[in-house]
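Colleague: So that we are looking at the same thing, I have put the structure below in structure tokens.
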Amino acid sequence: MLWILLAILCAIGAVSISVLRAKHNASIRVRAEDRYPGEEEKIKSVLAQNAFPLPSMVNKVLFGAIVAFVGLGTFNSVFFYAEPGYMYHVRTIVGQEKMVDDVGYNMHLFGRYNAWKKSMSIIAKSQYAGVNEDSTVAESDNASFSSSILGPVRTIFLDQVDSQISATARFMLPSDQDSFLAIARQYRSPDNLIRTTLLPAFRETLQANAALMGAEDYFAGKRTEFNIDFEEQLKNGLYLVQRKEVVVQNVQNAGPASANASLEGEQTSFGDDSKVIFVVEKIVDKSGVPIRKVQSYAALGIIVVESRITDVVPNNKFLERMSLKQKASADRAIAREQRIQEEEQKLLAEAKGEREVAERKASSLVIQIEKTTDAETTKQLAITKANQQKESAEIDKQRSEILLVKARIDAQAVQVAADAEAYRKREVLRADNALAQKLAAYVEVQKAYAVAFATRKVPTTTFSTGGADGGYAQGSDVQSFINILTMKAARDLDVDLSVAKD
């Protein structure tokens, strides 16, 4: 439409310039003809000198722009550009209706189209300025918004604690043409789909999910379970439930108590330790499967791709109660820690006493062990020394016994040798009556006589006595003397000079 408007403006400009140029030229020509009547050459010269201020090229440009704008206007009336991440509901001038999911230029043939984001988000948060529970900012036809943003949803937990919950959910439209066209025909725009179906289902699911759990349970550690139930109910439908009251005994604080101090240890029960709690049970069919209320958008092919519980803010009374409970829990924890500390101090004192006793006992035991060890060492040294002396005496005794045996053996050997030698000599002597010895002795005697005779001193002057031999002393006398001595020696030696005859 913009291009057609621009083309019209360009056409008006071109016509206006043409009219102004014609009037300008006519006025100049009238003045020139009045000044130079019948002189056509001068008239043309005057017209050329006083030409229209805008050149004729301007009209050509304007006519070109008109053609271009008309072409663009016609192109935009026939084609449109499909952005990524969107689906388009296209209605042509001939009554054709289709879904466009391709990125790029597509034909709508002078018809109409509107964009649907493939994934639509609903965000409930308290930080969004200027948004309350009943106000929304939905995606428009030009798809300038990506989410429907609203304030926190007010819910009531199972234990009657009202809270404001911030959450997000993302829904994906079906990708087949028939399902998409059914949604587009029924709701006509994304804004209607969000306001009339997705947003009410989102709020209803949050409120139904809060009714399944108590606020104390949620803040006591069941956040994950709460988030899982929320996503499960968004995808598959709401649980049908029934609420029951159950009386339970407070086992933690149960115990005898009384205001009568005279009972001392024999206390009686005091007060009521029971309390009433609410329990929500899911209604199941015969096979045990929970019965659900199916979400209306599920029949249209819309699926939940993501959901989150981002924040839960309970009322001030619950916060005060939780604060007091937290303070009481902290006081109990502090008292418990103090009791544990006192017990630890007691144990520490006992441990110190036991340690001192153990140290003294250990010191005495060390001294005792040292003395015992020294005595044992002295005893063992004495025993070792006595054993060494005993072993040395045993060794000496064994050595003496060995030497005695050796001496006996040596004596026996000497005696045997002497007996053998005596026996030998005796037998030898018995065999030849010791002839060899006797001869040897005889020879020696003869040698001694010979030496004595040879070395005798003979006087230079001799006198003869006048014996039978002429009266002179001669050597034969000596020889006779020697022979006598020799015979005496032979007799003494019992030498038998005779030769035995065979």
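The values are calculated or read from the model by the stated rules, or taken from the named source; none is laboratory data. All values reported here derive from a predicted model rather than from experimental measurement. A quick note on method: Cβ atoms are made from the backbone with ideal geometry, for glycine too, and the neighbour counts reach across all protein chains shown.
Colleague: Scan the stretch 214-235 for residues that are at pLDDT below 90 and touching a Phe, Trp or Tyr at 6+ places or on another chain (Cβ under 6 Å) and report the count.
Modeller: Count: 3.
Colleague: If the requirement is being assigned by TED's automatic domain parsing to the domain that holds Glu306 and in contact with a Ser or Thr (Cβ under 6 Å, 6 or more places away or on another chain), which of these qualifies: Arg154, Arg170, Arg195, Arg185?
Modeller: On the way: Arg154 fails: in contact with a Ser or Thr (Cβ under 6 Å, 6 or more places away or on another chain); Arg195 fails: in contact with a Ser or Thr (Cβ under 6 Å, 6 or more places away or on another chain); Arg185 fails: in contact with a Ser or Thr (Cβ under 6 Å, 6 or more places away or on another chain).
From the options Arg154, Arg170, Arg195, Arg185, the qualifying one is Arg170.
For every residue, the table says whether it meets (1) surrounded by fewer than 17 Cβ atoms within 10 Å (Cβ to Cβ); (2) closer than 26 Å to Ala299 by Cβ.
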position	(1), (2)
Asp162	yes, no
Leu193	no, yes
Ala215	no, no
Tyr218	no, no
Asn236	yes, yes
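Colleague: Cβ-Cβ below 9 Å, separation at least six or inter-chain, first residue in the stretch 24-35 and in the same structural domain as Asn50 (by TED's automatic domain parsing) and part of a helix (DSSP H, G or I), second modelled with pLDDT of 75 or more and surrounded by 11 or more Cβ atoms within 10 Å (Cβ to Cβ): which pairs?
Modeller: Ala32/Ser45
Colleague: In addition: Restrict the check to the stretch 303-313 and report whether at least one residue is assigned to a helix (DSSP H, G or I) and surrounded by 13 or more Cβ atoms within 10 Å (Cβ to Cβ).
Modeller: Residues of the stretch 303-313 assigned to a helix (DSSP H, G or I): none.
Checked against the condition, which is being assigned to a helix (DSSP H, G or I) and surrounded by 13 or more Cβ atoms within 10 Å (Cβ to Cβ), the stretch 303-313 yields no hits at all.
Colleague: Check whether at least one residue in the stretch 188-210 is of a type in the set (A, V, I, L, M, F, W, C) and outside any helix (DSSP H, G or I), and report yes or no.
Modeller: Keep residues of the stretch 188-210 that are of a type in the set (A, V, I, L, M, F, W, C), which gives 193-194, 198-199, 201-202, 206, 208, 210.
From what is left, the residues that are outside any helix (DSSP H, G or I) are none.
So far as the stretch 188-210 goes, no, none of its residues is of a type in the set (A, V, I, L, M, F, W, C) and outside any helix (DSSP H, G or I).
Colleague: Take the residues in the stretch 88-118 that are polar (S, T, N, Q) and surrounded by 14 or more Cβ atoms within 10 Å (Cβ to Cβ), then tell me which one is modelled with the lowest pLDDT.
Modeller: Narrowing the stretch 88-118 to residues polar (S, T, N, Q): 92, 96, 106, 114.
Cutting the leftovers down to surrounded by 14 or more Cβ atoms within 10 Å (Cβ to Cβ) gives us 92, 106, 114.
On the way: Thr92: 82, Asn106: 78, Asn114: 84.
Per the stated criteria, the residue is Asn106.
Colleague: Yes or no: Ala422 surrounded by 10 or more Cβ atoms within 10 Å (Cβ to Cβ), closer than 30 Å to Phe481 by Cβ and more than 60 Å from the chain's Cα centre (by Cα)?
Modeller: Details: surrounded by 10 or more Cβ atoms within 10 Å (Cβ to Cβ): yes; closer than 30 Å to Phe481 by Cβ: no; more than 60 Å from the chain's Cα centre (by Cα): yes.
Against the criterion (surrounded by 10 or more Cβ atoms within 10 Å (Cβ to Cβ), closer than 30 Å to Phe481 by Cβ and more than 60 Å from the chain's Cα centre (by Cα)), Ala422 does not qualify.
Colleague: Does Ile8 meet the test of being loosely packed, with under 15 Cβ neighbours inside 10 Å, at pLDDT 75 or above and within 30 Å of Gly111 (Cβ to Cβ)?
Modeller: Values: loosely packed, with under 15 Cβ neighbours inside 10 Å: yes; at pLDDT 75 or above: no; within 30 Å of Gly111 (Cβ to Cβ): yes.
Answer is no for this residue.
Colleague: Here's another thing I want to ask about it. Tally time: how many residues in the stretch 314-325 are among the hydroxyl-bearing types (Ser, Thr, Tyr) and part of a strand (DSSP E or B)? Walk me through how you get there before you give the answer.
Modeller: Step one: filter the stretch 314-325 for residues among the hydroxyl-bearing types (Ser, Thr, Tyr), giving 323.
Filter again for part of a strand (DSSP E or B), leaving none.
So the count comes out to 0.
Colleague: With respect to Leu324, determine if the residue is at pLDDT below 85 and closer than 30 Å to Ser166 by Cβ.
Modeller: Details: at pLDDT below 85: yes; closer than 30 Å to Ser166 by Cβ: yes.
So Leu324 fits the description; yes.
Colleague: Hey, another quick one. Report whether or not Val289 is of a type in the set (Val, Ile, Thr) and loosely packed, with under 14 Cβ neighbours inside 10 Å. Walk me through how you get there before you give the answer.
Modeller: Values: of a type in the set (Val, Ile, Thr): yes; loosely packed, with under 14 Cβ neighbours inside 10 Å: yes.
Criteria met by Val289.
Colleague: Another question about this same structure. Which numbered condition in (1) in the same structural domain as Ile156 (by TED's automatic domain parsing); (2) surrounded by 12 or more Cβ atoms within 10 Å (Cβ to Cβ) is the only one that Met322 fails?
Modeller: (1)
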